[in-house]
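Below is one structure; the comments refer to it alone.
The values are calculated or read from the model by the stated rules, or taken from the named source; none is laboratory data. These figures come from a predicted structure and were not determined experimentally. Every residue, glycine as well, gets a Cβ built from its backbone with ideal geometry; the counts of neighbours run over all protein chains shown.
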Amino acid sequence: MQLSLALARSPLESVRDALLCEFGPQRPVTRMDPISQLVKSSISGRTLDAVSWNAFLRLRAEFSCWENLARAPVAAVARIIQDVTFPEDRARHLTTALRMIEEKVGWLSLNHLKGLDVDQARWELQALPGVGVKVAACVLNFSDLAMRALVVDTHVLRVAKRISLIGAGDATQAYHTLMGLAPDTWTADDLFELHWLMKRGLGQMLCPHEGPKCGACPVKAMCAKVGVGHSADVLAWRPRG
């Protein structure tokens, strides 16, 4: 009997379940406030996690509050974060973004985003300099806003293409496609977990850019790289909208 499309599971559920069996549950232990998360995520692009975390900790040690960072000279901020990618650009964008938030809200806070629809909140963040869909999703999902947004970084983008969850396209297109595949019942913590599983577990441990460990991969049946193509649940599933 053919499976009804209405009863078909999202392929993201199959991916999540397979990776959970391999790596176990991955839930957030602590969450930063949204401004701190914005600072951290704004300096993290194309930079190793350890490097960006160290740069963030230096910023936090240097400035007693983020309001002082907003008013700091760009050159001084760039020196503190000099080992991240494009430090001058990131310092300029970050300090400008913090001042824009102060001007719009009246003080340096993003807590008002909690009262918005997730897409409205994302668009408000993406209006800030240097903030694209990835940084916006980091602020919404990783911070104590805890909103339903999937962070699509380079690892998630790469493996999502390899296992045929998405087609060609950039991170913005991937974000919308993957969010369309996410069941409505999934919470912010579920999307945090999916990000961890796809980035750390699959993307960094099993399926790096070079030398993927296909034999150990729990989702290799979905992978176009090994010549199997789409699994049955990908063919059956149709995204919402």
Residue among 46, 27 that alone is under 30 Å from residue 184 (Cβ atoms), in a loop (DSSP other than H, G, I, E, B) and either in the same structural domain as residue 203 (by TED's automatic domain parsing) or touching a residue at least 12 places away in the same chain (Cβ under 8 Å) (or both): 27
Starting from region 13-24, keep only residues that are crowded, with 19+ Cβ neighbours inside 10 Å, then list their pairs with residues that are in a helix (DSSP H, G or I) and of a type in the set (Gly, Ala, Ser) whose Cβ atoms are within a distance under 8 Å, requiring at least 6 positions of separation or different chains. 19/201
Criterion first (at pLDDT below 95 and more than 21 Å from residue 18 (Cβ to Cβ)) does residue 224 satisfy it? no
Regarding region 185-207, can at least one residue be identified that is farther than 24 Å from residue 29 by Cβ and either in contact with a Gly (Cβ under 6 Å, 6 or more places away or on another chain) or surrounded by 15 or more Cβ atoms within 10 Å (Cβ to Cβ) (or both)? yes
Are there any helices (runs of 4 or more DSSP H) wholly within region 57-122 with 1 or more residues that are modelled with pLDDT of 95 or more and in contact with a Lys or Arg (Cβ under 6 Å, 6 or more places away or on another chain), and if so which? 66-70, 74-80
Looking at region 32-43, can you tell me whether even one residue there is assigned to a loop (DSSP other than H, G, I, E, B), touching a residue at least 12 places away in the same chain (Cβ under 8 Å) and under 30 Å from residue 222 (Cα atoms)? no
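Here is a yes/no grid of residues against (1) among the small types (Gly, Ala, Ser); (2) buried (at least 21 other Cβ atoms within 10 Å of the Cβ); (3) without any contact (Cβ under 8 Å) to a residue 40 or more places away in the chain:
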| position | (1), (2), (3) |
| --- | --- |
| 107 | no, no, yes |
| 111 | no, no, no |
| 120 | no, no, yes |
| 132 | yes, no, no |
| 136 | yes, yes, yes |
| 144 | no, no, no |
Scope region 134-188; condition outside any helix (DSSP H, G or I) and in contact with a Ser or Thr (Cβ under 6 Å, 6 or more places away or on another chain); matching residues: 166, 183
Give the residues of region 46-73 that are surrounded by fewer than 18 Cβ atoms within 10 Å (Cβ to Cβ) and either within 15 Å of the chain's Cα centre (by Cα) or hydroxyl-bearing (Ser, Thr, Tyr) (or both), sorted by residue number. 46, 48, 49, 64
Determine if region 67-89 includes at least one residue that is under 22 Å from residue 151 (Cβ atoms), touching a residue at least 24 places away in the same chain (Cβ under 8 Å) and of a type in the set (Lys, Arg). no
